[in-house]
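A short worksheet on the structure shown next.
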Amino acid sequence: MSITTNAQLETAVGNWLARANLSTIIPDLIMLGEKWIFRHARTREMEAALSFTMSGGTGSVPTDYASLKHARITGSPTRFLKMRTTRWILENYPLRSSDGKPFFIGADGSSFIFGPYPDSNYTVAGIYYAKPAAVASSANSLFTANPDLYLYAALCEAEPYIKNDKRLPLWMAKRDQILFDMNAEARDGEYGSAMEMTVG
């Protein structure tokens, strides 16, 4: 059967588990599997534009933010920002008042902070990885492109109920391989495949 909707995904998970006593928790298994996907997947379907102007030395982190792909201060010249932890920025740039044009960016709760502390309200642009809407409410593009990942991720979340099921290691291996291939495809699209040859 095709898997293009949440209802079809629920049916498929139920068919694969073949355990009538688990039917009521299938929505939970899908939700937990999706949370696992959001923590580990970094694909083109998750990319979203980042754009804000600094205010008070910070910028707002998008509500659907998962992680940063790249960010830059716009203008002439453009300056790409390197991602660092909040602790690293605060330890290396303890002066939290006007200090210069930033080289570093870090996510601190709902705000981005910078090192050094910005001496102007610079405009930042870039790309971040966004958590899509839950598949239970919308057939998001990540699910549409990778229903197999959603299926295996949900099946793996049934582990507490089917610990001795010999299918579990196979499902986990499939989930992990699909995720690896997805992330590798996204990296190859950005940097070029390792199989490409340089001519010249």
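The values are calculated or read from the model by the stated rules, or taken from the named source; none is laboratory data. Just so it is clear, the structure is predicted and the values come from calculations on it, not from any experiment. Reconstructed Cβ throughout: ideal geometry from the backbone, glycine too, with neighbour counts over all protein chains shown.
Data table
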item: Lone unmet requirement of (1) more than 23 Å from GLU45 (Cα to Cα); (2) not in a strand (DSSP E or B) for ILE105; result: (2)
item: Unmet requirement for PHE38, which otherwise passes all of (1) more than 18 Å from ASN140 (Cα to Cα); (2) in contact (Cβ under 8 Å) with a residue 24 or more places away in the chain; result: (1)
item: From LEU81, LEU9, LEU29, LEU50, residue being aliphatic (A, V, I, L, M) and in contact with a Gly (Cβ under 6 Å, 6 or more places away or on another chain); result: LEU50
item: Hits in region 1-45 - residues which are under 30 Å from VAL124 (Cα atoms) and either in a strand (DSSP E or B) or polar (S, T, N, Q) (or both); result: THR43
item: The lone exception for ASP99 - which of (1) of a type outside the set (A, V, I, L, M); (2) surrounded by fewer than 16 Cβ atoms within 10 Å (Cβ to Cβ); (3) more than 25 Å from MET46 (Cα to Cα) it fails; result: (2)
item: Tally of residues being within 18 Å of the chain's Cα centre (by Cα) and without any contact (Cβ under 8 Å) to a residue 60 or more places away in the chain across region 61-81; result: 4
item: Candidates ARG39, ARG72 - the one that is under 30 Å from LEU168 (Cβ atoms) and charged (D, E, K, R); result: ARG39
item: Flag if ALA154 is part of a loop (DSSP other than H, G, I, E, B) and under 22 Å from the mean Cα position of the chain (by Cα); result: no
item: Residues that are in contact with a Lys or Arg (Cβ under 8 Å, 6 or more places away or on another chain) and either assigned to a loop (DSSP other than H, G, I, E, B) or closer than 21 Å to SER120 by Cα (or both), drawn from region 46-89; result: GLY57, ASP64, ARG72, ILE73, THR78, ARG79, PHE80, LEU81
item: ARG44 being within 18 Å of the chain's Cα centre (by Cα), surrounded by fewer than 14 Cβ atoms within 10 Å (Cβ to Cβ), among the charged types (D, E, K, R) and within 30 Å of ALA12 (Cβ to Cβ); result: no
item: Residue ID - farthest from the chain's Cα centre (by Cα), chosen from residues in region 112-138 that are among the small types (Gly, Ala, Ser) and surrounded by fewer than 18 Cβ atoms within 10 Å (Cβ to Cβ); result: SER120
item: Total residues in region 108-121, condition part of a strand (DSSP E or B), more than 12 Å from LEU95 (Cα to Cα), of a type outside the set (Val, Ile, Thr) and in contact with a helix residue (DSSP H, G or I) (Cβ under 9 Å, 6 or more places away or on another chain); result: 1
item: Residue match in region 149-164 (condition: buried (at least 16 other Cβ atoms within 10 Å of the Cβ), modelled with pLDDT of 95 or more and acidic (Asp, Glu)); result: yes
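A quick yes/no check of all residues on (1) aliphatic (A, V, I, L, M); (2) surrounded by fewer than 18 Cβ atoms within 10 Å (Cβ to Cβ); (3) not assigned by TED's automatic domain parsing to the domain that holds ARG167:
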| site | (1), (2), (3) |
| --- | --- |
| ASN15 | no, yes, no |
| LEU32 | yes, yes, no |
| GLY59 | no, no, yes |
| ILE73 | yes, no, yes |
| SER76 | no, yes, yes |
| ARG79 | no, yes, yes |
| ARG84 | no, no, yes |
| ILE89 | yes, no, yes |
| ASN92 | no, yes, yes |
